[in-house]
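The values are calculated or read from the model by the stated rules, or taken from the named source; none is laboratory data. Quick caveat, the model's predicted, so the values are computed rather than measured. Backbone-built Cβ (ideal geometry, glycine too); neighbour counts: all protein chains shown.
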Ligand code: PLP
């Protein structure tokens, strides 16, 4: 195998910055880091070629135009498209899917069906819901078992009315990638459009749209080491030709009259307005960069790490493992049996291990599977064995701490804040009186040695503060402790509003405004205010982390 992750990692300057030397970056499914060549290309565009494309006749405009069309050819090679005319630049996979939903659905009849799966990213669900509402279309889903789509049973959900099948090429929540050949077999000969959401797929495997046999494929450059703000929509030329344009404006027309316009041919008819030119320059560099790598060896390296991670995590007592090592693009999804996923992610962050926690823009999947939130570690080719060791050790340490901690429930002791009246605090005339009242509120927060553990520490508070969160049915409960009376007072203010609320109620609270209205933002020192905001952030992230 011709791949050395350590050498590969040196292409990525973020890792050699002093503050990032100890960083273990395992949030690649959200976005990958950028090699120097990509960073340089963005900068060089502004230094040497900045001009708008197509419309102008001068030297710089020609150069920018050549760069854009050159990148389009590289993108066509990257996807093995039949022609560069089949490649549309979009802001990302999300915009490409919105374009398809708008344009393809505008020709459908009420009652026509769109088939999706429970494992789709919200970007491949919400645009179809919007289109379905506009056109009275019907959404259907691939059969699933406990939330996991059974792609080999896709035919069961097809009907005479199915016009669009839009499915993931790899789930960002679980890594799960369907057998595309099998899907192609089930869809063969049917009069429908097959769209592959390749946002995760393109980051890990070479994509060959002609071999897959789909009609459209979308992806985002930032997932495969390119810049953010640029993505690709590939479509069969004949199909794109027949589709109405999505957005109107400059660049996508040949001629504009007062009441009608002639649209440009492919690909420009789908690229209204000025394109993100520097991002396209960066994309070109990312495609060159990838073309120079042994992608099969990169994928094999990622798979080796993934298998090893699954083996080691499966052996950790106290951990629930949700992802499977087979047919997985590079994602490990898990949660602690005790303690919350948000606490575990917070603990990992303390150790400079970047993972993601929450619903991963895949709420239907998590809901159908019965999980509230998961922790996701996602791989890229620059991850090394030592990254895995750091992750496994840190998770093991967390689980051991949880195990040795007070019995389940002992930590869950909220203070009774019902006697604290906001009106009384607000009615204090002078700042001194209000401050005294806040100190009195702080007394409502009793000592809780059982929660004074590193994973409960709230970062950003000048004085130490510990916060725990748990659920009682749909209600969010919190317990706080601190050595500082001011922090306790501020915490009592915060929890008097948030403790016991549902997610929707807590989201609707305007706590920053309340903080300002009470004059706290004005009178308290910056570091005290920061403490309040840190507690507020922690409360909100616990709510979001719980799904
Ligand atoms: N589809 C999948 C599977 C994804 O993972 C993502 C992003 O995480 C998207 C679509 C949306 O991509 P973007 O946010 O780059 O438009």
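Details
- Per-region count, region 105-114, residues in contact with a helix residue (DSSP H, G or I) (Cβ under 6 Å, 6 or more places away or on another chain) and not in a loop (DSSP other than H, G, I, E, B): 2
- Here residue 262 clears all of (1) away from the ligand (no atom under 16 Å from the Cβ); (2) closer than 20 Å to residue 99 by Cα; (3) in a loop (DSSP other than H, G, I, E, B) except the condition numbered (3).
- Here region 313-348 is the region considered, the condition is being within 17 Å of residue 388 (Cα to Cα) and without any contact (Cβ under 8 Å) to a residue 12 or more places away in the chain, and the residue that is farthest from the chain's Cα centre (by Cα) is 315.
- One residue stands out in region 441-463 among those that are without any contact (Cβ under 8 Å) to a residue 40 or more places away in the chain and closer than 30 Å to residue 423 by Cα: the one that is surrounded by the fewest Cβ atoms within 10 Å (Cβ to Cβ), namely 447.
- Single residue of 218, 254 found to be in a strand (DSSP E or B) and either in contact (Cβ under 8 Å) with a residue 60 or more places away in the chain or under 21 Å from the mean Cα position of the chain (by Cα) (or both): 218
- Across region 79-104, the qualifying residues are those that are away from the ligand (no atom under 12 Å from the Cβ) and in a strand (DSSP E or B), and the one among them that is surrounded by the fewest Cβ atoms within 10 Å (Cβ to Cβ) is 87.
- Looking at 24, 42, just one residue is within 30 Å of residue 348 (Cα to Cα), buried (at least 16 other Cβ atoms within 10 Å of the Cβ) and touching a residue at least 24 places away in the same chain (Cβ under 8 Å), and that residue is 24.
- All positions within region 360-373 that are surrounded by fewer than 22 Cβ atoms within 10 Å (Cβ to Cβ), within 16 Å of the ligand (Cβ to nearest atom) and assigned to a loop (DSSP other than H, G, I, E, B): 361
- Within region 327-337, the set of residues being surrounded by fewer than 17 Cβ atoms within 10 Å (Cβ to Cβ) and either in contact with a helix residue (DSSP H, G or I) (Cβ under 8 Å, 6 or more places away or on another chain) or over 20 Å from residue 380 (Cβ atoms) (or both) comprises 337 only.
- Against the conditions (1) over 21 Å from residue 418 (Cβ atoms); (2) without any contact (Cβ under 8 Å) to a residue 40 or more places away in the chain; (3) part of a helix (DSSP H, G or I), residue 505 satisfies every one except (1).
- Criterion: at pLDDT 95 or above, closer than 30 Å to residue 392 by Cα and touching a helix residue (DSSP H, G or I) at 6+ places or on another chain (Cβ under 7 Å) - qualifying residue of 71, 90, 31, 94: 31
- Region 142-157, subset under 21 Å from residue 328 (Cα atoms), without any contact (Cβ under 8 Å) to a residue 40 or more places away in the chain and away from the ligand (no atom under 16 Å from the Cβ), residue surrounded by the most Cβ atoms within 10 Å (Cβ to Cβ): 154
- Region 444-490 - residue that is in a loop (DSSP other than H, G, I, E, B) and over 21 Å from residue 411 (Cβ atoms) and, of those, modelled with the lowest pLDDT: 462
- Residue check, residue 107 more than 21 Å from the chain's Cα centre (by Cα) and surrounded by fewer than 15 Cβ atoms within 10 Å (Cβ to Cβ): yes
- Residue check for residue 118: within 16 Å of the ligand (Cβ to nearest atom), touching a helix residue (DSSP H, G or I) at 6+ places or on another chain (Cβ under 8 Å) and closer than 30 Å to residue 371 by Cα: yes
- Remark: pairs (first residue in region 230-244, in contact (Cβ under 8 Å) with a residue 24 or more places away in the chain and within 16 Å of residue 76 (Cβ to Cβ); second residue part of a loop (DSSP other than H, G, I, E, B) and within 16 Å of the ligand (Cβ to nearest atom); Cβ separation under 6 Å; 6+ apart in sequence or on different chains) = 230/276; 231/92.
- Of the criteria (1) more than 16 Å from the ligand (Cβ to nearest atom); (2) surrounded by fewer than 24 Cβ atoms within 10 Å (Cβ to Cβ); (3) in a loop (DSSP other than H, G, I, E, B), which one residue 383 fails: (2)
- If you go through region 476-496 and keep only what is within 21 Å of residue 510 (Cα to Cα) and out of contact with any helix residue (DSSP H, G or I) (no Cβ under 9 Å at 6 or more places or on another chain), you end up with just 477.
- The residues in region 158-209 that are away from the ligand (no atom under 16 Å from the Cβ), in a helix (DSSP H, G or I) and in contact with a helix residue (DSSP H, G or I) (Cβ under 9 Å, 6 or more places away or on another chain) can be counted, and the count is 6.
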